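Have a look at the structure below, then the notes.
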Amino acid sequence: MVEAGFLDAATAAAAVNEPLRLGLEGDDGSSGPWRAPYFVSEVLYELYQKYGRDEVLQGGFQVHTTVDLAMQEVAEKAVNDAGIEYDDERIVLAQKAVERCVEALGILGQAREQKMEQAALVAATKAREQFQKLSKIESSKGKETSEEERSKAEELAVSEAANKASEAVKRRFDLTEEALSASLAEHQEEVKKASKARVEGAVVAIDPVRGAVRVLVGGRDYYESNFNRATQAYRPPGSTFKPIVYLAALAEGIERNHVIVDEPYSVGDFSPENYDKKFRGQVTLEESLLRSLNVPTVKLCAAIGVDKVCRMGKALGIDSYLPHELSLSLGGCEMTPLQLATAYSTIASGGVLHKPYLISRVENYQGRVIEEVKPISTEHRETVVDEYAVSELRSLLQAVVDRGTGRAARIGRPCAGKTGTSDGHRDAWFAGFTPMLSCVVWLGYDDNTPLGGIWPATGSSHAAPLWRDFMKRVHEGVPFEKFHDVGRDEFGGRAPRRIRKKSRRPRIVGLPEIRKHYRRHDKKVLWRDVWDWEKASSAWEERERMQEWTADRAKRAEEIKTMKEQLQKALAKTGITPS
């Protein structure tokens, strides 16, 4: 290579003197042909697309990437460990269910005979007592029968009653046994499926300040499957898409303590339900996001318009197709973990969109730089969404982790995020960030099989712990840093009130069916009816109407003042003094 000009003598000598390291399969970072195999394969794909395969393999390129090998290896181990733990857990749960069914069937068999005997005995006793009472009544009426006939009739009545009661108990036990047998067969089938199934995972971590991809893990083992789920698997994001809806609403001027009614709601054939099938009545936007309520989210999307939600998703960096339907608000679309991580990275950066990149610099064999990504200076950074709205959303997502559905993701330092579970429990997500790192994790099956089989897995139960384990490790020794929350007074006086960590519910003013929310804007009090979201106008339109009304009022006052001055001048010329 030195003779061919691909290496200089110093580099060649250093390579020769470097000790040979032998890696065993299973070592951290050695589950592929290179260290960080999924990351490297994506880098090679990008290079092939730009320069061609032959040029990349024969051109002597020196490629500098954004990968943090320490973080990458932590993520690879975390994904593999989480996959093994989940696979084992599913098998153990299915086996325990089989054992419980077998035990229940055994107990049922023993109890059947005992309960049948008890029922027959009770029925026989009652029948005997009733027969004897009837015999006495008939004797008092003068109807005499022989002792033998009376005894036969009594035994027949008692026997019929006992058999009838025994059969009734037997039928009930047969139905229970049939149900238990069906459950046993289902659990046995689950054991077989769980033994063969292999859950997969993906992790993407991005530096929100620069957009550099630090971690990209596309599966548990590159040797077994080189399909890169981080960049190639388009999956429904579930509730991790909801923050985009709330960000669009906040950007429209809707406040976090606005109230929506959580109640049965339908639009055509679309009838969303909450995860627990319950409705909570009046809830604030903050409470709705903390509890990941579906119905209020859909109502909010309908109020601001699906088109605005789509534009917000595109502005945050999501390149995949976003359907113009209300189901989009609940994650009714498909995207890769990298695209979702880009959106959350934009939120973490305060609304500054950085296109994610894996290659920072490429040099040819002569050392000439042919490609380089230069960081954008602070003064040239542009936000794609209102900074106050982003700051409010960050605060809400922190609350989701602190006291909402994302409590399993707490890492002992400021962080924000959102859980997500797709329809049918086919995908489990957690997307979140700290001031230094935005990270998305995904768990699911390649064949779109539901997670957990009989016991569904969710983003809260499985994806959030994986995110927590990874983020805890990579933040060890990192200085404690808080998010920079801002108030609108820092942005041209657009709304003097600063962000509140915990906002109270608005008071009900007037009639019970009317709820008015007051807020100050440019020293003017605005109100809007937020009870009926379909009739309520947007805060932005209302603000414009208030500004127009104020301008018209000032214009009319100026006209009246001018008319008075003209009248006084005219009267002065005529010598008439106004009384």
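The values are calculated or read from the model by the stated rules, or taken from the named source; none is laboratory data. Keep in mind that what you see is a predicted model, and the values were worked out from it rather than measured. As a convention, Cβ positions derive from the backbone with ideal geometry for all residues, glycine included, and neighbour counts pool all protein chains shown.
Below are the figures for this structure:
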quantity: Residue selected from the range 398-435 under the condition crowded, with 24+ Cβ neighbours inside 10 Å and of a type in the set (A, V, I, L, M), by the criterion farthest from Glu481 (Cα to Cα); calculated: Ala428
quantity: Residue match in the range 214-229 (condition: under 29 Å from Pro375 (Cα atoms) and assigned to a helix (DSSP H, G or I)); calculated: yes
quantity: Condition met for Val295 (crowded, with 22+ Cβ neighbours inside 10 Å and not in a loop (DSSP other than H, G, I, E, B)); calculated: yes
quantity: Selection count, the range 377-394, where residues are assigned to a loop (DSSP other than H, G, I, E, B) and either out of contact with any strand residue (DSSP E or B) (no Cβ under 8 Å at 6 or more places or on another chain) or of a type in the set (Gly, Ala, Ser) (or both); calculated: 3
quantity: Residues that are crowded, with 16+ Cβ neighbours inside 10 Å and among the small types (Gly, Ala, Ser), drawn from the range 106-127; calculated: Ala119, Ala120, Ala123, Ala124, Ala127
quantity: Members of the range 4-19 that are farther than 16 Å from Gln366 by Cβ and charged (D, E, K, R); calculated: Glu18
quantity: Looking only at the range 312-340, and only at residues there that are part of a helix (DSSP H, G or I) and free of Cβ contacts under 8 Å to residues at least 24 places away in the same chain, the one that is nearest to the chain's Cα centre (by Cα); calculated: Gln339
quantity: Meets criteria (of a type outside the set (Asp, Glu), surrounded by fewer than 22 Cβ atoms within 10 Å (Cβ to Cβ), under 21 Å from His462 (Cβ atoms) and without any contact (Cβ under 8 Å) to a residue 24 or more places away in the chain) for Asn274; calculated: yes
quantity: Count - residues of the range 366-397 that are small (Gly, Ala, Ser) and loosely packed, with under 14 Cβ neighbours inside 10 Å; calculated: 2
quantity: Gly351 vs. criteria surrounded by fewer than 21 Cβ atoms within 10 Å (Cβ to Cβ) and of a type in the set (Gly, Ala, Ser); calculated: no
quantity: Entirely in the range 1-83, the helices (runs of 4 or more DSSP H) that have 2 or more residues that are under 35 Å from the mean Cα position of the chain (by Cα) and at pLDDT 85 or above; calculated: 37-51
quantity: The range 251-269 residues that are closer than 20 Å to Ala315 by Cβ, paired with ones that are part of a loop (DSSP other than H, G, I, E, B) and not aliphatic (A, V, I, L, M) (beta carbon under 6 Å, 6 or more apart); calculated: Ala251/Asp386; Glu252/Ser538
quantity: Lone qualifier among Gly201, Gly238, Gly211 - being on the phi > 0 side of the Ramachandran plot, touching a residue at least 24 places away in the same chain (Cβ under 8 Å) and out of contact with any His (no Cβ under 8 Å at 6 or more places or on another chain); calculated: Gly238
quantity: Near pairs, Cβ below 8 angstrom, 6+ apart or cross-chain, from the range 377-397 (at pLDDT 95 or above) to any residue that is in a helix (DSSP H, G or I) and of a type in the set (Phe, Trp, Tyr); calculated: Leu393/Tyr246; Leu396/Tyr246
quantity: Residue that is surrounded by 15 or more Cβ atoms within 10 Å (Cβ to Cβ), in contact with a Ser or Thr (Cβ under 9 Å, 6 or more places away or on another chain) and either part of a helix (DSSP H, G or I) or free of Cβ contacts under 8 Å to residues at least 24 places away in the same chain (or both), where the choices are Val191, Val245; calculated: Val245
quantity: Options Val401, Val441: the member that is modelled with pLDDT of 95 or more and in a helix (DSSP H, G or I); calculated: Val401
quantity: Residue in the range 94-114 that is assigned to a helix (DSSP H, G or I), more than 30 Å from Val169 (Cα to Cα) and in contact (Cβ under 8 Å) with a residue 40 or more places away in the chain present; calculated: yes
